[in-house]
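One structure below.
The values are calculated or read from the model by the stated rules, or taken from the named source; none is laboratory data. Note that the structure is predicted; figures quoted are calculated from it, not measured. Counting neighbours? That spans all protein chains shown, and the Cβs are built from the backbone with ideal geometry, glycine included. Just the protein is used for accessible areas: all its heavy atoms, side chains included, with ligands, DNA and RNA removed. Shrake-Rupley method; radii C 1.70, N 1.55, O 1.52, S 1.80 Å.
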Amino acid sequence: MNSEPVEKKVIVQRPVSRPLWTPGKVITLVIVIAILCLSAGVLGGFLSSQLFTKSATVVNRNSAGDGNRIVTQEEEDIAGVANKVGKSVVSVLTKIETELPFGRSGMQEGAGTGIIISKDGYVLTNKHVVQGSQAVAVVTSDGVTHRDVTVVGSDPLNDVAFLKINGVTNLTAAELGDSSSVRIGQKVVAIGNALGQYQNTVTSGIISGTGRSVVAGADGQDSIQTEQLTDLIQTDAAINSGNSGGPLVNIAGQVIGINTALAADANGIGFSIPINATKGALKGVLAKGKVERAYIGVNYVTITPDVA
């Protein structure tokens, strides 16, 4: 569509020279600029102090100047996670019969960690924590030792096992999260029986990677036993001997992983089994009291000339 050009009237000014700034205007402008600068400085200082206070300090709980009572937001978050999940973390003590020199035998003690998953005593831990054990005991966070413990079973495809503390009805079960939505850089907390001596040790870090594959080894009686583990969560939260089977927890206090391995020749490289990988077996344990895995009834043989 064509349009006709419209004639525009242009208003012009005569080139009359006038002073641009008079003394009165200059004084007014200086006053306005000073007021704006002062206002901006006050507002900026207020916003900075509010942001710093919100991000760095929650509250100063001490009126006598004790710096240990200044609590940062990060400290508050970690303490909240530890308080929420700590009651659901247990120490798992085992005894395994071993061969001693001169044909003798003895009992070797081991220690790991577990996660309470039901108020009536079901506990999730690592398979390698209880494998081959003749006796298993569980110590809850309040220091009570339970010796009437049954190994319900283990997952044949993963480093996961289930225990049952018999005769209990009022334990605090952990809240399970969703490991499919974890992200690199996410803040996490690990809780466990570090070195088999320091119950409910709390460490913090981030998720360093996902989808990791490792070959995990454990000292057996005669040789090094290894297992291929896949799709693991990598974290720099400190995982030490004895932490196996303990929870890796997000900042909301939800279990997103089971701590299972660490790189012995490195610092800050630990691995956790995603909690979603255990939910199928866990559902069956809670419903039927045993571990069940679906399988295909197929066997195979190597084709040789004789078989052919």
Given the criteria out of contact with any Asp or Glu (no Cβ under 6 Å at 6 or more places or on another chain), within 19 Å of Lys279 (Cβ to Cβ) and either of a type in the set (A, V, I, L, M) or open to solvent by less than 30 Å² (accessible area, probe 1.4 Å) (or both), does Val160 qualify? yes
Taking only pairs six or more apart or across chains, which ones have beta-carbon atoms under 6 Å, a first residue in the range 119-136 that is closer than 19 Å to Ile256 by Cα, and a second residue that is of a type in the set (S, T, N, Q) and outside any helix (DSSP H, G or I)? Asn126/Ser244; Asn126/Thr260; Lys127/Ser154
Single residue of Ala194, Ala173, Ala135 found to be among the hydrophobic types (A, V, I, L, M, F, W, C), surrounded by fewer than 20 Cβ atoms within 10 Å (Cβ to Cβ) and at pLDDT below 95: Ala135
Asn83 passes all but one of the listed conditions (1) surrounded by fewer than 12 Cβ atoms within 10 Å (Cβ to Cβ); (2) in a strand (DSSP E or B); (3) at pLDDT 90 or above; the exception is number (2)
Go through (1) closer than 16 Å to Thr278 by Cβ; (2) surrounded by fewer than 20 Cβ atoms within 10 Å (Cβ to Cβ); (3) of a type outside the set (D, E, K, R) and name the single condition Thr113 misses. (2)
Quick check on the range 125-142. Is at least one of its residues within 16 Å of Ala277 (Cβ to Cβ), assigned to a loop (DSSP other than H, G, I, E, B) and out of contact with any Ser or Thr (no Cβ under 9 Å at 6 or more places or on another chain)? no
How many residues are open to solvent by less than 60 Å² (accessible area, probe 1.4 Å) and not in a helix (DSSP H, G or I) when one looks only at the range 86-109? 8
Considering only residues of the range 286-308 that are closer than 30 Å to Gln254 by Cα and over 24 Å from the mean Cα position of the chain (by Cα), which is surrounded by the fewest Cβ atoms within 10 Å (Cβ to Cβ)? Ala294
Is at least one residue of the range 203-214 open to solvent by 40 Å² or more (accessible area, probe 1.4 Å), of a type in the set (D, E, K, R), at negative phi and in contact (Cβ under 8 Å) with a residue 40 or more places away in the chain? yes
